[in-house]
1. Would you mind computing, in nm to one decimal, how far apart the modelled labels at V184 and I12 are, each placed 7 Å from Cα along Cα→Cβ?
2. Could you tell me the convex hull volume per residue, in Å³, taken over the Cα atoms of the chain?
3. Where does the chain land at 222 nm, in deg cm²/dmol rounded to the nearest 500, when only DSSP H runs of n ≥ 4 count, each adding -39500 (n - 2.57), divided by all residues?
4. Pairs K141/K191; K22/K67; K22/K90; K129/K189: which exceed 18 Å Cα-Cα?
5. When you count, for each residue, the other Cβ atoms within 10 Å and take the mean per peptide, how do 17-25, 4-12, 166-174 rank with the highest first?
6. Picking from D37, D159, D134, which is most flexible by a Gaussian network model of the chain using Cα springs under 10 Å?
7. Given +1 on the Cβ of Lys and Arg, -1 on the Cβ of Asp and Glu, and no further charges, what dipole in debye does the chain carry about its Cα centre, rounded to the nearest 20?
8. For S27 and E165 in the same chain, what is the full-extension length gain: residue separation times 0.36 nm, less their Cα-Cα distance, in nm?
Amino acid sequence: MFRILAIDGGGIRGVYAAHILKKINESFGVSFSECFDLIIGTSTGSIIAAGLATGIPIEQVVELYEKEGQNIFKKNVLGDYGIIRSKYCKSRLSEHLAKVFEERTLSETGTRLLIPVTDISNGTVHVFKSNYLDEFVRDTKVKIKDAILASCSAPIYFDPQKVNEYMLSDGGLWANNPALVGLVEATGKLKIPIAEVKILSIGTGIGKKYY
């Protein structure tokens, strides 16, 4: 059996997904990095996904949302509508991600990790991948925090993120629920029979505003 954990985007509402996973951990005592063969997260879900794939306790992820969420999603002056500048200051998110993930790269995950983003320079999709296949060399030196920043960079809300030669924005523009991306990866790249794939998809609820 090939197990995929997929975590939706949704801004500060990622705290709901984090709490759901924390409850699962408390109830069943599971190690997510050992229980799942592939973890994928979009936008705010990429924070949680990367944390779990690198063995960071889910309690620490919940704490990040509860203690720093309001600071991360604090409005910029004149940024209310994204006319003068982006609505939120990305440097605050970057600072907290650096504390959690330090200088770790996508070659340093314990579990297969996917982070969908959008290449806004040409409008194509882009998926950051940990190097679980020999052919995956493009992202080996990409810092996890930079991949997350790119996936969280929703237009208007956060400025785009430049990673290597790519100008990247929110993965939620095409894969806010990344379950299908994980399924395609499993059956396409990893050649897992679809009947052997199981997916746990965790959402972030519905709000009046996306962020």
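1. 3.3 nm
2. So the per-residue Cα hull volume is 116 Å³.
3. Taking each H run of at least 4 residues, the total per residue is -10000 deg cm²/dmol.
4. Checking Cα-Cα distances, K141/K191; K22/K90 exceed 18 Å.
5. 4-12, 166-174, 17-25
6. Judging by the Gaussian network model, the answer is D134.
7. The dipole of the chain has a size of about 540 debye.
8. 45.3 nm is the gain from fully extending S27 to E165.
Only the coordinates and a few stated rules stand behind these numbers; no lab work does. Keep in mind the model is a prediction, meaning the values are calculated, not measured. Note: ideal-geometry Cβ built from the backbone for every residue, glycine included; neighbour counts use all protein chains shown.
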